[in-house]
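Here's the structure we're looking at; comments come further down.
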Amino acid sequence: MTVIATAISHLLLSDGLSLSLWSQASANMGETPMSTGDQAFTAAVFNTVLAMPLVLWIGMRLLRERRVYPMVLVGAVGWFITVGHGIDLIDDGIGTLLPLWSLAAFAAVTCLSSLVLTPRPRTGR
């Protein structure tokens, strides 16, 4: 589920950033865009940070998992940090990706956080 949430959030981020580049380009050409590049950039970051915990929570609930709050919390904070450290790398081009090592580290930490509140099997006493 973490990989799916990462893919959806990264898609939202890259599409929003490409919209930001298009807005800046049209402003440079003298046209009046619907939104400024700064507004599109802010919306892209805001949408991706909101999408990560929402997709994680919905996906884990559809899989009938309980106690998913640590995973959602770690996923939301981890995604914010991952995007914050990699935004400069993907801000200047269309179709670029966050560094794969940071995506892999994010997915690993988020997946491991799901083990925090996993119920333990009962012993027969």
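The values are calculated or read from the model by the stated rules, or taken from the named source; none is laboratory data. Owing to the predicted nature of the structure, the values given are computational and were not obtained by experimental measurement. Note: ideal-geometry Cβ built from the backbone for every residue, glycine included; neighbour counts use all protein chains shown. All accessible areas refer to the heavy atoms of the entire protein, side chains included, with ligands and DNA or RNA removed. Shrake-Rupley method; radii C 1.70, N 1.55, O 1.52, S 1.80 Å.
Close Cβ contacts (under 9 Å, 6 or more residues apart or on different chains) running from residues in the range 50-78 that are closer than 11 Å to Ala5 by Cα to residues that are part of a loop (DSSP other than H, G, I, E, B) and open to solvent by 100 Å² or more (accessible area, probe 1.4 Å) comprise Met60/Arg66. For the range 55-103, what are the residues that are under 19 Å from Ser14 (Cβ atoms) and open to solvent by 60 Å² or more (accessible area, probe 1.4 Å)? Within the range 55-103, Phe80, Ile81, His85, Asp88, Leu89, Asp92, Ile94, Gly95, Leu97, Leu100, Trp101 qualify. Taken together, the residues in the range 97-118 that are touching a residue at least 12 places away in the same chain (Cβ under 8 Å), in a loop (DSSP other than H, G, I, E, B), among the hydrophobic types (A, V, I, L, M, F, W, C) and within 15 Å of Val74 (Cα to Cα) amount to 2. The residue list Asn47, Asn28 contains one member that is closer than 30 Å to Ala107 by Cβ and at pLDDT 65 or above, which is Asn47.
For Thr42, the conditions (1) in a loop (DSSP other than H, G, I, E, B); (2) at pLDDT below 85; (3) open to solvent by 60 Å² or more (accessible area, probe 1.4 Å) are fulfilled apart from (1). Criterion first (in contact with a Gly (Cβ under 9 Å, 6 or more places away or on another chain) and in a loop (DSSP other than H, G, I, E, B)) does Leu56 satisfy it? In short, no.
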